[in-house]
Amino acid sequence: MNPDRDAVRDRYTAAARRALAGEGTGLLTGPDDTDRLGAVHYPGEDVPADVTATSLGCGNPLAVADLHPGETVLDLGSGGGLDVLLSARRVGPTGRVIGLDMTDEMLTLARRHAAEAGVTNAEFAKGTIERIPLPDASVDVVISNCVIALSPDKPAVFAEIARVLRPGGRVGVTDIVAGDTLTDTERAARTGAVECVGGALTAGRYRALLREAGLFGIDVRLTHEVGDRLHSAIIRAAKPVHVAPMTPEHAEQVLAIYQSGLDTGDAGFETTAPGWATWDAAHLSAHRLVALDPAGRVLGWTAVSTVFSRCVYAGVVEHSVYVHPGHRGRRVGDALLAALLTSTEAAGIWTVQSGIFPENTASRALHQRAGFREIGTREQIGEHHGRWRDVIMIERRSPVVGRTAPDGSTGRGEA
């Protein structure tokens, strides 16, 4: 069962007109609506009450998207503009936020709120989320708050999201997700601000449609119940980056990214990146990969080196993965690790391992997503910047290379 676009447009046009007249939206009328929707999800945010009063969302997408200064953000179904205004603060004067809505009245309301707040890095455009009026690869982040469930054509929405995202761009939305047992008949009988979401997807269907749109790193996590067999959910995904073999032409950028990682103090024991000749000699010529943007700039890199010289350990390597500081948090590392593991398994490598400082929580999370396990801690293994530091040892054992098969063969080199 899909929502009727005209009915949705009429409902929110009327809500915007009431808000413009200072009468509130009139949508949160159920006994529990204000506990489930709207401003309740924005504790501690310094926003005028008349702006939060027009929020009809089921969560806080800004708590999901992790915005960075300088990014371009698109809010699908921006309504009264609350998430646009909060996003504008986070991306700063070098960033840009675009609110997209299909109703003139909501756009008028949002522009009024932006002007009253003195926000100059936000703009609002008219259009539908099934046909986004923006160029390909033009935004870093897509957010949305309890809007996609209202669309009558969700595959088109996800295809458009993938189209407008830049490589490595990400999705961070909140939405209503239906339980697997909710029938079409029961959906049609629902009333109220939440229960009217008859087109809510199940979590499994949400994942499938995002995957079909070409997105990866998909995570659909239910947060709280908003109705009978209806939940608010946090949905994350990302657009893959282009991963290619590393060449000497990438050397300068690779070493600069390496140095920026070392400068954080939590990437490794080294303090200065070596010259290219030294780096080249230390890493195997195979399995060197870079993530590139459309202009060919390096967003991150990964490579491996041998661990032991004995031939019995020929399938064990130690890896490194580094991401440009301006592109961290955008799943560039995920794409690099996925490509690296494909490359190493194809070459018969059965174990990829490394060591990570315990404080490097971003790297630990990245490797956990990629299937690595933490096997132990080497305590105070080395001195770094005047203090002795622990290292967590991690490894990813291939599920297909080097495993003993039922016939007794190892499958070594047969990935």
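All of the numbers you see were taken from the coordinates with simple rules; none came from a lab. It should be emphasised that the depicted structure is a prediction, and the values quoted were computed from it without experimental measurement. Counting neighbours? That spans all protein chains shown, and the Cβs are built from the backbone with ideal geometry, glycine included.
Couple of notes before you dig in:
- Relative exposure of SER320, SER78, SER285, SER305, judged by other C-beta atoms within 10 Å (fewest first): SER285, SER305, SER320, SER78
- Sparse-neighbourhood loop sites, trypsin sites (Lys or Arg not before Pro) in segment 260-325 - DSSP loop, at most 11 other Cβ within 10 angstrom: ARG310
- Residue-normalised convex hull volume from the C-alpha trace of segment 72-188: 111 Å³ per residue.
- Ranked list, fewest to most other Cβ atoms within 10 Å of each Cβ, for MET393, MET246, MET106: MET393, MET246, MET106
- Cα-derived Rg to Rh of segment 111-153, Kirkwood definition: 1.00
- Percent of alpha-carbon pairs separated by more than 29 Å within segment 242-397: 12
- For segment 311-379, with +1 on Lys and Arg beta carbons and -1 on Asp and Glu, the positive-most of PHE372, HIS327, VAL352 along the dipole: HIS327
- Inter-part distance where segment 91-114 and segment 129-148 are each reduced to a Cα centre, Å: 13
- Loop-located trypsin sites (Lys or Arg not before Pro) across segment 221-264 with a Cβ neighbour count of 14 or fewer within 10 Å are lacking, with loop assigned by DSSP.
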